[in-house]
Amino acid sequence: MIRAVDLGKRYGDYVFRHVNVELPERGLVALVGPNGSGKTTLLKIFAMLTEPTEGEVYIMGTPWREARARHRGDVLYSHQEPLVYSGTVEDNLVCNDGDVVDALGLRPLLRHKAKSLSGGYKKLVTVARVLACRPKAALLDEPTAYLDPEKRRRLLDYVAQYAKKALVVWTTHYPPEAENSDALYEMRDGALRRVR
Ligand SMILES: Nc1ncnc2c1ncn2[C@@H]1O[C@H](COP(=O)(O)OP(=O)(O)OP(=O)(O)O)[C@@H](O)[C@H]1O
């Protein structure tokens, strides 16, 4: 689904280099690593939002530049920070998918103003906006941050189900949460390594 070959990114200094990875069409892939190690940068490159400095990324077999036009809606990134737009929660869910709304407990909030929600609910809307569009690859940046334990569990249960039909890559600072993922990668000291 997503393949990186000798991928590197720098802003002045290199964030990472020589990243080689192949992510499957389906499955739950967790990405951990210290603050500033480059997890967000990697996800944004995969989502075609940030340009690689060197190497190549293939999205469904198509090189990054061409994929940007052809596969944009197939790979969607959900921001680390809670990010909602003006209007109601329903307005924020550009793709209307009842399953995700119910699974994440958002139905009672559909008519609420998104900007006036608490941080945790804003974060749920941020993640739901991506999942509701049913991308072939959902790249979720710290999706469980800001959430209470019950909502973390609900979200992870939903995401695990979703990952039976699509690729989900997600980042977390809580390695125990990543235990149920099919694969675990760590970004550290400018390199990506598969842990299991
Ligand atoms: N647009 C940018 N311009 C300059 N430097 C950037 C930019 N985006 C990210 N960086 C730098 O790239 C490095 C990696 O940042 P990134 O956000 O990818 O790390 P991260 O692993 O997601 O961190 P965290 O766990 O804190 O979210 C950092 O040193 C950051 O300052």
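Can you find a residue that is away from the ligand (no atom under 16 Å from the Cβ) and open to solvent by less than 40 Å² (accessible area, probe 1.4 Å) anywhere in the stretch 2-23? Scanning the stretch 2-23 turns up at least one residue that is away from the ligand (no atom under 16 Å from the Cβ) and open to solvent by less than 40 Å² (accessible area, probe 1.4 Å).
Do the conditions hold for Arg129, that is, is it surrounded by fewer than 20 Cβ atoms within 10 Å (Cβ to Cβ) and of a type outside the set (A, V, I, L, M)? Taking the combined requirement at face value, the residue does not satisfy it. In a residue-by-residue description of the stretch 182-192, the property of being within 15 Å of the chain's Cα centre (by Cα), open to solvent by 20 Å² or more (accessible area, probe 1.4 Å) and within 22 Å of Val94 (Cβ to Cβ) applies to no position. Restricting attention to the stretch 31-60 and to residues that are within 13 Å of the ligand (Cβ to nearest atom) and assigned to a strand (DSSP E or B), the residue that is farthest from Ala137 (Cα to Cα) turns out to be Val32. Could you check, for the stretch 62-78, whether at least one of its residues is more than 16 Å from the ligand (Cβ to nearest atom), surrounded by 15 or more Cβ atoms within 10 Å (Cβ to Cβ), closer than 22 Å to Tyr174 by Cβ and at pLDDT 95 or above? So far as the stretch 62-78 goes, no, none of its residues is more than 16 Å from the ligand (Cβ to nearest atom), surrounded by 15 or more Cβ atoms within 10 Å (Cβ to Cβ), closer than 22 Å to Tyr174 by Cβ and at pLDDT 95 or above.
Counting the residues of the stretch 80-119 that are in contact with a Lys or Arg (Cβ under 9 Å, 6 or more places away or on another chain), part of a loop (DSSP other than H, G, I, E, B) and of a type in the set (Ser, Thr, Tyr) gives 2. Residues considered: Asp91, Asp13. Of these, the only one that is more than 30 Å from Lys122 (Cα to Cα), among the acidic types (Asp, Glu) and free of Cβ contacts under 8 Å to residues at least 24 places away in the same chain is Asp13.
Being over 30 Å from His18 (Cβ atoms), in contact with a Cys (Cβ under 9 Å, 6 or more places away or on another chain) and part of a helix (DSSP H, G or I) narrows it down to one of Arg129, Arg152, so name that one. Walk me through it before giving the result.
Numbers: Arg152 fails: in contact with a Cys (Cβ under 9 Å, 6 or more places away or on another chain).
Arg129 is the lone residue from the list that is over 30 Å from His18 (Cβ atoms), in contact with a Cys (Cβ under 9 Å, 6 or more places away or on another chain) and part of a helix (DSSP H, G or I).
For residues that are surrounded by 19 or more Cβ atoms within 10 Å (Cβ to Cβ) and modelled with pLDDT under 95, tally how many sit in the stretch 152-180. Counting residues in the stretch 152-180 that are surrounded by 19 or more Cβ atoms within 10 Å (Cβ to Cβ) and modelled with pLDDT under 95 gives 1. Restricting the stretch 106-126 to residues that are open to solvent by less than 30 Å² (accessible area, probe 1.4 Å) and closer than 25 Å to Ala47 by Cα, the residue that is farthest from the chain's Cα centre (by Cα) is Ala114.
The values are calculated or read from the model by the stated rules, or taken from the named source; none is laboratory data. None of these values were measured; they are calculated from a predicted model. No Cβ is skipped: glycine too gets one built from the backbone with ideal geometry, and neighbour counts run over all protein chains shown. SASA here: full protein model, heavy atoms, side chains in, ligands and nucleic acids out. Shrake-Rupley method; radii C 1.70, N 1.55, O 1.52, S 1.80 Å.
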